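Beneath this line is the structure, given in structure tokens, with notes to follow.
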Amino acid sequence: MEIILLERIEKLGAIGDVVRVKNGYARNFLLPNGKALRANESNRKVFEANRERIETQNAERRGVAQIDSKKVEGATVQLIRQASNTGQLYGSVSARDLAEALEAQGHKIARNQIVLDKPIKAIGLQDVRIALHPEVSVTIHVNVARSPEEADLQAQGVDVMTEMFEKDVAGFTEERDPNAEPGEIPTEPAEAEGESAEGEAKAPDEA
């Protein structure tokens with residue numbers, strides 16, 4: 001379907017551009033949300049008659065978004081979630097979760113303004129883009145951890161999962177028998193003591 005864009009759409013075009021998109025994308029998103037018009041002769045005339053007003057309104061919205069961007073740019077959202085020892089969350093962090101966390105900090109951000117390609121499913125730090133306007137976007141930092149202490153470490157640049165793995169490896173030591181041949185399984189202490197006692201008991205008979 002050919003449409004006339006009423007605002008800049010990423011990867012499609014700018015205001016007034018006539019572009020071809022999939023029918024479903026146009027019918028389900030662009031047209032009902034007032035982002036485009038069907039590209040027929042009647043709508044072309046309507047658009048041209050209102051182009052100046054449309055561009056003025058867009059400039060006003062862009063100006064408001066630029067002011068708001070200064071308040072939210074670089075904000076950090078900290079979320080405490082339960083996770084496994086491998087760092088995988090029991091559940092996930094969605095755009096709704098981020099919108100609620102931002103609102104708690106005083107930022108009014110709609111879910112559809114949060115550009116999250118897929119839910120966050122592991123602990124760690126992640127940058128997320130917020131599209132305040134088709135021409136204005138900012139980046140926030142998301143810190144997902146299992147505890148406030150862990151979140152603080154991540155904020156300082158510590159990879160908590162790597163550190164935990166290294167501690168586990170360092171805490172594991174294998175007992176080594178200096179008399180054993182290479183590849184030989186170490187003798188259990190109890191078994192060794194039993195053999196020693198048995199040898200001592202047989203000694204008088206052999207004599």
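Read the figures in this text as sums done on the coordinates, not as results from a lab. Not measured: the values here are computed from a predicted model. Cβ placement follows ideal geometry from the backbone for every residue including glycine, while neighbour counts extend to all protein chains displayed.
For region 25-116, the relative contact order is 15 percent, taking Cα pairs closer than 8 Å that sit 6 or more residues apart in sequence and dividing their mean separation by the residue count.
Here Lys70 and Asp17 are evaluated by their C-beta separation; at R0 = 35 Å the FRET efficiency comes out at 0.75.
The label point for Phe29 and the one for Arg51, both projected 7 Å from the Cα toward the Cβ, are 2.7 nm apart. Considering all projection directions equally, how large on average is the shadow of the alpha-carbon convex hull of region 23-148, in square nanometres? Hull-based average projected area comes out at 9.6 nm².
Lysine pair count for region 2-70 with Cα-Cα distance under 20 Å and sequence separation of 8 or more or different chains is 4.
The coefficient of translational diffusion for region 76-170, derived via Stokes-Einstein from the alpha carbon Kirkwood radius under 4 °C and 1.567 mPa s, stands at 92 µm²/s. In this structure, the amide hydrogen of Thr76, modeled 1.01 Å from its nitrogen in the peptide plane, lies closer than 5 angstrom to those of His141, counting only residues at least 5 positions away or on a different chain. The trypsin sites (Lys or Arg not before Pro) of region 84-133 that meet both conditions, a loop assignment by DSSP and at most 14 other Cβ atoms within 10 Å of the site Cβ, are Lys108.
Each peptide in 136-146, 152-162 receives the mean, over its residues, of other Cβ atoms within 10 Å, and ordering these scores from highest gives 136-146, 152-162.
The string of couplings for region 126-131 from the Karplus curve (6.51, -1.76, 1.60, θ = phi - 60°) is 8, 8, 10, 8, 10, 9 Hz, one whole number per residue in order, with x for Gly and Pro. Computed on region 2-70, the Cα convex hull volume stands at 87 Å³ per residue. Think of each Lys and Arg Cβ as +1 and each Asp and Glu Cβ as -1; about the Cα centre, that makes the dipole of region 2-70 roughly 200 debye.
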